[in-house]
Each structure stands twice: as structure tokens, then as C-alpha cells.
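Every number here is computed from the coordinates shown, using simple stated rules; none is lab data. Fair warning: this is a prediction, and the values are worked out from it, not measured in the lab. Counting neighbours? That spans all protein chains shown, and the Cβs are built from the backbone with ideal geometry, glycine included.
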Amino acid sequence: MRTDPPRQLHLNVNILHSGFVPSAWRTEDADPRAFVDIAHYVRVAKIAEAAKFDAVFLADNASIADQIDFRPITALEPTVLLAGIASATTHIGVIGTASTSYNEPYNIARRFATLDHLSAGRAGWNIVTTADLGSARNFGREAVPNHAERYERAAEFTEVVKALWDSWEDDAFIGDKAGGRFVDPAKVHRIDHRGKYFNVDGPFNLPRSAQGQPVLVQAGGSADGRELASRHAEAVFSASQSFDEAASYARELKSRAAALGRGDDAIRVLPGLTTIIGATEAQALRRRDELVDLIPWSYSLTRLAGILGVSVDRLKLDGRLPEDLSLPGGGNGNHTFFHATLAQARTNGYTARQLIRALAGGGGHRVIVGTPEQIADDIEHWFKGGAADGFNLMPDVLPGGLQDFADGVVPLLQKRGIFRTDYEGRTLREHFGLQRPVSRHLETREAAAAV
């Protein structure tokens, strides 16, 4: 009798320049210029590849979205940087963020398809919308488009990108030197898209890649974000503070995807997870406190105020958060981090100071402070309990925090039989256990032949 292979944990590393904790760049071994140094990113990617991670992940901003008087920012364009990482590695996936708010579908389709070819099928596109005013003004807008409009545009944008990637059938490229046939034009198709936001003729100017098309990733916890994910995403970068919340989110998302005919195994749910590791729990807590104490409280309060969408004078370090908080910008700001941060504060009754320390100076994503065994136990619990298919790991400090995880936690996960000891494939789809998408034109051709 045929048995399915055991379910395997998935791990990405989110390379947030010097590390997740805002003070990471101030640690003894850190290079303050790492945020613009490709050697730093390649070094992190090689540690992750040696540990058999699924992918490296890069966030992006189209403006200066942090307080640059204190902290490094996301500066390098992701696909260019990932091309460099891909050339220095052989197996690990390369996932980059690109916004649908201030790009065009053809450009994004081409950028990520190029990365997919250069990496031999290891690319993924993280689909986001952009909610900050600075980005809007960098692209000639006086205001941020409303939340519903941003996601409506994102849904159409994604449909166009997928159609472009699908416009070449797998065997359209021939390359027959003797016969003098290079491409079969009958298998290269215009898409002739006419929509509310985009008019795109096609066809695309690149053949399909080794994995068919880049993996689609999505990061957004709002109702609109979940709708986009359930229709298109193959992996979701989520933010959950509790096991029950994460399990409910994963069940809902997979159920919605199944209802759309995608099957119940179409999406990998990967919550963000920050790890702060010590040989003992006390040592790990001391490491966290030392890192947090290197962050000016004024910086942390301003950052927290930005996540919550309030003026900083409404927050008191040793007082609890205001009771009357509502979604930033009347619902037009970032839903995901607002809800995750507020849930942490309300559940634990934290003051602002306690919340900042519990979040290790960050915002929204869950932080585990402990020994390798404690972290492995937590990961196994979430994984086996259905709250996560894996994690988008955000170590406290890079590369040191990732090396600690690779040396201490990964062997425990491997020993427990839930994480690979070697790569079984070469493409990102193979790492995630995702099917290679069938060309829609092949399906049409086969249906016509059957008739």
C-alpha cells in the first residue's frame, strides 16, 4: 500500500541586514556597513544553505521607513541582490519582495523570471502592497491608495504576471540547429489582458524556467490579504503571537484555498519567528536584555507608535497601551503588525516598556528566547500541531544568530525527523514540496484534442 512521505518542516531566513533586533549593528562582531555589502548577504545565505534551509527571504521598502539616525535600513533592491546570492549558492531558494502598488506587471514578471532562470528554478516573488506615505510620494502620489483599492490592484497585477509567465508552453523553445527552428510560435501566446488597472498584450519574452514559474509568496494578514493569498499564494509569511491564533489562521487559509479548487495542500504557512539563543535560558534572557538596552527608548517608542498608528506622546513607557486603539490610517495602514503587536500587549497586560522588551525592540513577530532545546520544542509543537508548516526565521543578530540556530537547533530538528538532512531537489518548488504548475495552454490543447 502506498504511503505518503512524512511531512517536513520548512525554514527560510529573512535577511534583515544586521539582524532583527534594531541594535544588532552595534554588537562587537557586526559591520555597520553590512546593509549595503553583498558579501554579508552571501555569507548569511551560505550558512543557511549549509543548514539545508529552503530559502533566503528579502523584504523591501520604497522609501526610508525607519529612523536612520539609529538603525540600518532595507536599501538594496532585492532581485539584483538575490541574483548575486544565487550565483554564490547552488540549492537554497531566493525569495524577494516586490510591491504591486508602484510597479508594472510586465516589469515584475520579467525581473523574477530572469532570477528564476539565473538560479535554475530557485526564485520566489513575495507579493505585497505598500501602505506608507513616503513610498506614495516617491512615486508621484500625494496620498496612499485605500486598502481595498491596493488589494484589488494587487489581485489583477498577480493575474497578469501569472498569465505572462504562462504565455510560453514548456516545449515552445526548440533550438534545432539542423532544422533551423528556434522557437515554435504556435506555442507562444499573447495574453491580451484588458482590466481595470492594466492593459497588457503579451506574450512574454522569456521561456518557462526549470520550475515552471517562480513560487508565489504573500505577506498580509488582513481580510483582503487572506483573499489574495487563498487565490494565488503558495507560501504565506504570516505574523502570529499565539499557537491558537496561528492554527486558526492556517486552517482558514487552507480551507479557503481548497474551496477555490486549489486543494488542501496548496499553501505553506510560515509565521515569522525571531530566535535569541543561549546555552541556558538565563544566558539567552541576558542576551536579549543586553540587545534591547542598546536601543534608545525614544527609538523604540517612536517605532511602536508607528505600528499602532498613534502619536508617540500617547505612549508612556511604564503605562499600558491606550484602550481606544484602532487600525492605523482608518484601516489604510498595516493590519498585520498592528493586530499582532496589540495582541501581545493585551494578552500579557504589558506596559509599553515590557512590550518593547518582549518584542526584542521589534514589532509584530513572535520572539523565542531560550536554549536550542527550548526553541526546537516550540518549533516542533507548532509544526506537529498544525499551526505552521515552517517558519520565516529572523535571527536576533546576523550572521551570528543564524549560526547559533544552525549549530544548535537544526541538528535537534533533524534528529526528531522533521527537518531534512540534505536537499532532495534543486528548485524552490521541490524544497517546498509544491507541484510544478501545468501551462494553461497545454491544458487547453489537451482538452481540445480530447474533444
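Electrostatic bookkeeping for Tyr197 treats Lys and Arg as +1 and Asp and Glu as -1; over the other residues with beta carbon under 13 Å from its beta carbon, the sum is -1.
Working note: Cα atoms of region 324-389, range along each principal axis, descending, whole Å: 41, 27, 17. Once label points are set 7 Å from the Cα along Cα→Cβ at both Asp192 and Arg137, what is their separation, rounded to one decimal in nm? About 4.5 nm separates the two model spin labels. Here is the size of region 296-360 from its Cα atoms: Rg then Dmax, 10.7, 29 Å. Each residue of region 186-199 was assigned a 3J(HN,Hα) from its phi angle through the Karplus expression (A = 6.51, B = -1.76, C = 1.60, θ = phi - 60°), giving 5, 10, 10, 10, 5, 9, 6, 7, 10, x, 5, 10, 9, 10 Hz with x at Gly and Pro. Put simply, the Cα atoms of the chain extend 74, 53, 44 Å along their principal axes, the longest span coming first.
Applying both filters, DSSP loop and at most 15 other Cβ atoms within 10 Å, to the trypsin sites (Lys or Arg not before Pro) of region 306-381 gives Lys316.
Separation of region 366-421 from region 139-191 is 37 Å, based on Cα centroids. Take the convex hull of the alpha carbons in region 341-451; its mean projected area over all directions comes to 11.5 nm².
Our note on the geometry: Cα centres of region 254-292 and region 56-95, 20 Å apart. For region 219-234, putting each phi into the Karplus relation 6.51 cos²θ - 1.76 cosθ + 1.60 with θ = phi - 60° gives couplings of 10, x, x, 6, 4, 5, x, 5, 5, 4, 5, 5, 7, 10, 5, 10 Hz, in residue order, rounded to whole numbers and with x for Gly and Pro. Packing, as the average of other Cβ atoms within 10 Å across residues, places the peptides 31-37, 172-178 in the order 31-37, 172-178, highest first. Where both bridge residues fall in the chain, DSSP classifies roughly 15% of the beta bridges as antiparallel. A cut-off under 14 angstrom between Cβ atoms defines the neighbours of Ser240, and their net charge, with Lys, Arg +1 and Asp, Glu -1, is -2.
The label-point distance for Ser63 and Phe182, in a model that sets each label 7 Å from Cα toward Cβ, rounds to 4.4 nm. Each label was represented as a point 7 Å from its Cα along the Cα-to-Cβ direction; for Tyr102 and Gln354 these points are 3.9 nm apart.
Equivalent-ellipsoid semi-axes for region 133-193 (Cα gyration tensor, √(5λ), whole Å, largest first): 40, 13, 7.
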